[in-house]
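First the structure, in the form of structure tokens, and then the observations on it.
The values are calculated or read from the model by the stated rules, or taken from the named source; none is laboratory data. Source: prediction; values computed, not measured. In this analysis, Cβ positions are derived from the backbone assuming ideal geometry, glycine residues included, and neighbour counts consider all displayed protein chains.
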Amino acid sequence: MKKIAILGLGLMGGALGLALKARGGCQAVTAYARREATRLEALRLKAVDAVFSDPAEAVQGADLAILCVPVFSMQALAAAARPGLKPGCLVTDVGSTKALLTEQIRLSLRGSGAVFVGSHPIAGSEQQGLEAARADLYAGAVTIITRDGSEPPDALERVSQFWRGVGSVVRVMAPAEHDRIMARTSHLPHVAAALVAATVGREQAAAQVGAFCGPGFRDVTRVAEGSPDVWMDILQSNRPAVAAELRQLKIRLEAVLAALEGGDDDAVRQFLEEGRAARRALRDKHNLRGEV
């Protein structure tokens, strides 16, 4: 691909620009950013070759455009970029949900000649903004490409090649399957982290208990610092699947609570052993980065 356009220069978009410039994956990297300060910072960091305040201008002549904004902002951004998209331009994204988003983006692009293929790089961070971006964010990360059967085969392969070019390991699945799996492996853990953080810090008790929060609290709650705006979009756009996973969590929580209150120490121990075994299995067999 000769020209790639990044629409949105937060953590994910900024990291893409840095990765493309570091790896030399294309001749030109352009971008759109709403704020002037962000545009100036992107140029200073040499994350892009040119940056614009108009999405349509940013995508002029691009072979690929990547939507790098919160899920519910993508449809409007795709519509704003549409006048500048050339026929045959590939459009993808970095959104954490896919079924609803795919419908929305394709509706915005209908009749434009551009082709949308959904993507989700599992490579985020609780940190936010361009200042947190780094060139190796996608290195070794799994990126899911979604397929519903309507995409041209060459479009899927070209999008896959793009993600491999920034270091990702590509997997392909249907949008609905993606949303079901991510509700279990990503969206549920975020809600659980927020619940633990809010429970420990309830009644504005930070001054009383903050000094006693050690590595366990830090590790369990790290992702709770993620942007509420981003996560509201994720939870709303994947509501049924997330609710199903929360019901599973509730069943297990109620079971261990009953065992603890009832003095059933064998059941409590079994719960702890099952949790340890499950984490080790997930870590050792399925995660390429060696950590979950």
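Miscellaneous remarks
- Checked against the criterion of being touching a residue at least 24 places away in the same chain (Cβ under 8 Å), buried (at least 18 other Cβ atoms within 10 Å of the Cβ) and over 19 Å from Val159 (Cα atoms), the candidates Leu77, Leu85, Leu90 yield just one match: Leu77.
- For beta carbons closer than 8 Å, sequence separation of 6+ or different chains, a first residue in region 56-67 that is assigned by TED's automatic domain parsing to the domain that holds Val94 and more than 16 Å from Ala79 (Cβ to Cβ) and a second that is charged (D, E, K, R) and at pLDDT below 95, the qualifying pairs are Asp63/Lys2.
- Selection count, region 1-19, where residues are at pLDDT 95 or above and more than 17 Å from the chain's Cα centre (by Cα): 4
- With respect to the conditions (1) without any contact (Cβ under 8 Å) to a residue 40 or more places away in the chain; (2) buried (at least 24 other Cβ atoms within 10 Å of the Cβ), Arg39 lacks only one, and its number is (2).
- Region 175-212: number of residues that are among the aliphatic types (A, V, I, L, M), buried (at least 16 other Cβ atoms within 10 Å of the Cβ) and in contact (Cβ under 8 Å) with a residue 24 or more places away in the chain: 8
- Criterion applied to Ala5, Ala56, Ala31, Ala19 was being touching a helix residue (DSSP H, G or I) at 6+ places or on another chain (Cβ under 8 Å) and surrounded by fewer than 24 Cβ atoms within 10 Å (Cβ to Cβ), and the one residue passing it is Ala56.
Rundown of residues vs (1) among the hydroxyl-bearing types (Ser, Thr, Tyr); (2) under 16 Å from the mean Cα position of the chain (by Cα), yes/no style:
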residue	(1), (2)
Ser168	yes, yes
Leu235	no, yes
Glu254	no, no
Leu257	no, no
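- The test for being outside the structural domain of Thr97 (by TED's automatic domain parsing), assigned to a helix (DSSP H, G or I) and without any contact (Cβ under 8 Å) to a residue 24 or more places away in the chain does not hold for Arg222.
- Extreme residue, surrounded by the most Cβ atoms within 10 Å (Cβ to Cβ), among residues of region 110-127 that are closer than 20 Å to Gly61 by Cα and touching a strand residue (DSSP E or B) at 6+ places or on another chain (Cβ under 6 Å): Phe116
- Ala155 being over 17 Å from the mean Cα position of the chain (by Cα) and in contact (Cβ under 8 Å) with a residue 40 or more places away in the chain: yes
- Cβ-Cβ contacts under 7 Å between residues 6 or more apart (or on different chains), taken from a first residue in region 270-281 that is over 15 Å from Leu253 (Cβ atoms) to a second residue that is surrounded by 10 or more Cβ atoms within 10 Å (Cβ to Cβ), are listed as Arg279/Val292.
- Scope region 62-116; condition acidic (Asp, Glu) and over 14 Å from Ala5 (Cα atoms); matching residues: Glu103
- Listed here are the strands (runs of 3 or more DSSP E) enclosed by region 40-149 that have at least 3 residues being modelled with pLDDT of 95 or more and within 13 Å of the chain's Cα centre (by Cα): 119-121, 142-146.
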